[in-house]
Each structure stands twice: as C-alpha cells, then as structure tokens.
Amino acid sequence: EIRSSHAEEAAAVCNEIKRAVMGGIGLTPATVTAVEERTISKTTSGKIQRRRNRERLHDGTQKMVLDVIGMSNFFSIRDGDLTSQSKRLSLRKSCIQDLDIKHMDFNEIVKDVTGSQVKTEDKWKDVGLSSMMELELWQSLARRYNTVIPPNCFEMFPSVLDLKTYLEASIGQPLPTNLPTLKRTQTVRNEKPLSQPTIAFIQAIGALAVLFIFALPIIPAFEIGRVLVNDNRTHVLFFIDFSPYIWVWYPLVIPFWSLTLTIEIILAKWIVIGRYREGRIHQTSIYFLRWWFVDRLMHLWEIFVGRFVVGTPLMTVFCYLMGANVHRSSRIDSFIREFDLVTMGAHAKVTQSIRCRMFGAWQDDALGPSMRFRKIQIGANATVDGTLCPGAKVGSSCHVHNLAVLLEGAQ
C-alpha cells in the first residue's frame, strides 16, 4: 500500500521490493503492484484475505497506483480516487525517469538481475549467474533490444563487454533498403487489359490443362508396369478393363511417375514463362495468367513430389533446372517460386519458402491490382530461417533468425 503523500515514490518502492525478492530466492517477480492506502482486504482480526485480494486484482476492482511488470520495462498507472491529476502526472514522470534512464541501459539491466554492479571487463563465469539468472537476463536483454539473442550468448560472448558491444553495434540499426523503380515488363507493355469473363475462361482452360499434365505421367508409368509384368518381376494383382494385370514394381513405377511429372513441369515453365524478370505486371494481363498457370503446376508438384526431395541435392538440381542461380553446395529445405530471380551462394541454407513476387494495392481501374517481381539474393554461408520479401539481399555468413522478416528491398 502507498500513501497519497508518497505516491511519487511508488516506482522506487516497487523496484526495491523486486530486488529484495530476487536477492532472497533468485527469481524476479513477474509483477509488483502498488495499491492505494487501506484498500487491501483484511479479516476482522486483521489478517490479509489473499484470495479476495487476488480476485479483486484480476477483475480490476482493486484500486491500484502503479504496476511494475517484469524487468521494469513496462508500467501502468491507475486512475484511482487517491491521487489527483497533478500527482498522477508527477508519478508518471518519476516512473519514466526511473525506467528510461536506469533500466533501459545495458549495465542497469545486468545489475537489476544480478543484484550487484558488474564491471564491463568481468567474465560471465565470474559474475556468478545461476541458470535462472541467465534465463532472466537473456529474456530481459531480448525485450530491451527487441531482437532474437542466441540462447548460448553467454558462451559466445564470454565477457560483459563482448555482449554489450555486440548488442549495441548490431541491434536496433535500421537495415538499408534498395528499391529501384520497376517498369512494366517488356512482354506486357503493349497488351490491352483483358475482361473478367475472358480471364475466367482462360483460367478454366488452364485448370483443365493442369489436370491433364498431372494425369499424363500415369500412361508411361502404366507402360513400364506392363513391361515388368511380362518379365514376371512382381506379385501384386491389379484389375483394369476386367483383364488381370500384375501391377508393377512400386518402388520403380512411382518414382518414374514423379520423374515424368517433374520433366513436364520444367518444360512447361520454360515454354509458358521462359525466364522470370524483374518488373511490374497487372492481373488483367496475359503475363499474369501465364504466371498463374505455372504457379498452380508448382503447387501440385510441391504436394506430390517436392515434399519427398526437399532438403536433398535433388531439390537443388530441380531449382537449377528451373532457372535458379543456386550453388551446388547450397541446401534448400523449403520451396522456391520465380526461380530465375533467386541467387544462392556456396553453402547457403534456406528453411523458409521464397517468393519473389508481391501484390500491390487494389486499383479501381481497368488494369486492376498489380504484382511486382524483384530478385532475392542470399550470400555464401548464409542461413535463412525467417521470411524474405522480394528485393531482399542477405550478405555472406549472415543469419536471418526464425520469425524475422526482411522487408522489401532490405539488405
């Protein structure tokens, strides 16, 4: 409880309580709350009603002055009846000074966790961090610098100065961007926009063509099966046209179907699209429908074939045949579209899907929404576990962490 005459000291009191708890049991309380004077529920004998106070705190009926959350990086001030507007403003100013000046600094965060002043030249192993303190400090620094810090950072950076230098030098700096103006691709500059019925008709024809290409590999697979039947190499009975056929040595026929479908999609890409190029197109153009057709073929291939080869050298070979500039030592653990716009250096690794296109805002005109294509470049020895937007460039030996996003044109 905080008296009205000492409301400005609420932040300091809450932080002192937090430090005392940490020093006593080694853990930092999630929240320390200062409430108004004489608002804590008690029994007639003067004992604190813990359940009742907890319920009031959770349902919002408790009159609170200040919440200090976690490492004091967050706070809130309640508009209770106790403090006047001027006192609340004074309290807020005091809190901001206490949080922004002290606890937003690297050294003060370390002191807040360890309970003592730590010199920058000290080694982490000499500071005496327990496993719980390491976890608390790691989480607090990650929140402070708004970034993903390696869990083994205290081993990677053995001294306080090493970790501080790393965070202050590389965290929170805006990434440079390079977004050159895109022109309409050469193939669609002189095209007239298609009407919606025409687009729907072409897409219907395209859907039938996709199904035909998907089913066509069954024929050579069946023929291979008949050859194997004549050689008496299998044992499974299969009936078709009421005639008994002994169907196929599955470990050979299914890969043969997959190989045939893969060859069809490679040929379809080069015939329909050719090479993907940087530029801007509209949804009402023929080029968009050509992109859509190949994109639907790729979707089927990823479901029925790609899932079995992703992460293997076969995936790298496929992307190379589709036009991607990928080094033979690179590892692709996900799927790529718009292959000609992707570059991967030696020993680069990708675990998230790469899409080199992005739709633009809707335009209420005959051209409709636009779609732009930009290159994505990944340097040698780089690892991409996050999301890359079109135009992104990852340098050599860089690591894009999981859940991280490089915006369009970021480098």
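The values are calculated or read from the model by the stated rules, or taken from the named source; none is laboratory data. Not measured: the values here are computed from a predicted model. In this analysis, Cβ positions are derived from the backbone assuming ideal geometry, glycine residues included, and neighbour counts consider all displayed protein chains. Note: areas computed on protein heavy atoms with side chains; ligands, DNA, RNA excluded. Shrake-Rupley method; radii C 1.70, N 1.55, O 1.52, S 1.80 Å.
Some points to look at:
- Criterion: at pLDDT 70 or above and open to solvent by 80 Å² or more (accessible area, probe 1.4 Å) - qualifying residue of 56, 50, 92, 78: 50
- Residue satisfying condition, being open to solvent by 70 Å² or more (accessible area, probe 1.4 Å), modelled with pLDDT under 85 and outside any helix (DSSP H, G or I), within set 194, 179: 179
- When each of 330, 370, 397 is tested for being hydroxyl-bearing (Ser, Thr, Tyr) and either open to solvent by 40 Å² or more (accessible area, probe 1.4 Å) or on the phi > 0 side of the Ramachandran plot (or both), the lone residue that passes is 397.
- Residue in segment 322-341 that is part of a strand (DSSP E or B) and closer than 23 Å to residue 289 by Cα present: yes
- From the list 102, 63, the one residue that fits, being at pLDDT 65 or above, within 27 Å of residue 35 (Cβ to Cβ), open to solvent by 70 Å² or more (accessible area, probe 1.4 Å) and not hydrophobic (A, V, I, L, M, F, W, C), is 63.
- Within segment 258-307, the set of residues being part of a helix (DSSP H, G or I), of a type in the set (Lys, Arg) and open to solvent by 10 Å² or more (accessible area, probe 1.4 Å) comprises 290, 296, 307.
- Residue within segment 19-33 that is at pLDDT below 75 and of a type in the set (Lys, Arg) present: yes
- Here residue 143 clears all of (1) within 25 Å of residue 399 (Cβ to Cβ); (2) open to solvent by less than 80 Å² (accessible area, probe 1.4 Å); (3) in contact (Cβ under 8 Å) with a residue 12 or more places away in the chain; (4) not acidic (Asp, Glu) except the condition numbered (2).
- Residue list for segment 146-163, filter: farther than 24 Å from residue 386 by Cα and open to solvent by less than 40 Å² (accessible area, probe 1.4 Å): 159, 160
Quick grid of which residues meet (1) in contact (Cβ under 8 Å) with a residue 12 or more places away in the chain; (2) of a type in the set (Val, Ile, Thr); (3) closer than 22 Å to residue 302 by Cβ; (4) not in a loop (DSSP other than H, G, I, E, B):
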{"residue": "371", "(1), (2), (3), (4)": "yes, no, yes, yes"}
{"residue": "377", "(1), (2), (3), (4)": "yes, no, no, yes"}
{"residue": "397", "(1), (2), (3), (4)": "yes, no, no, no"}
{"residue": "403", "(1), (2), (3), (4)": "yes, no, no, no"}
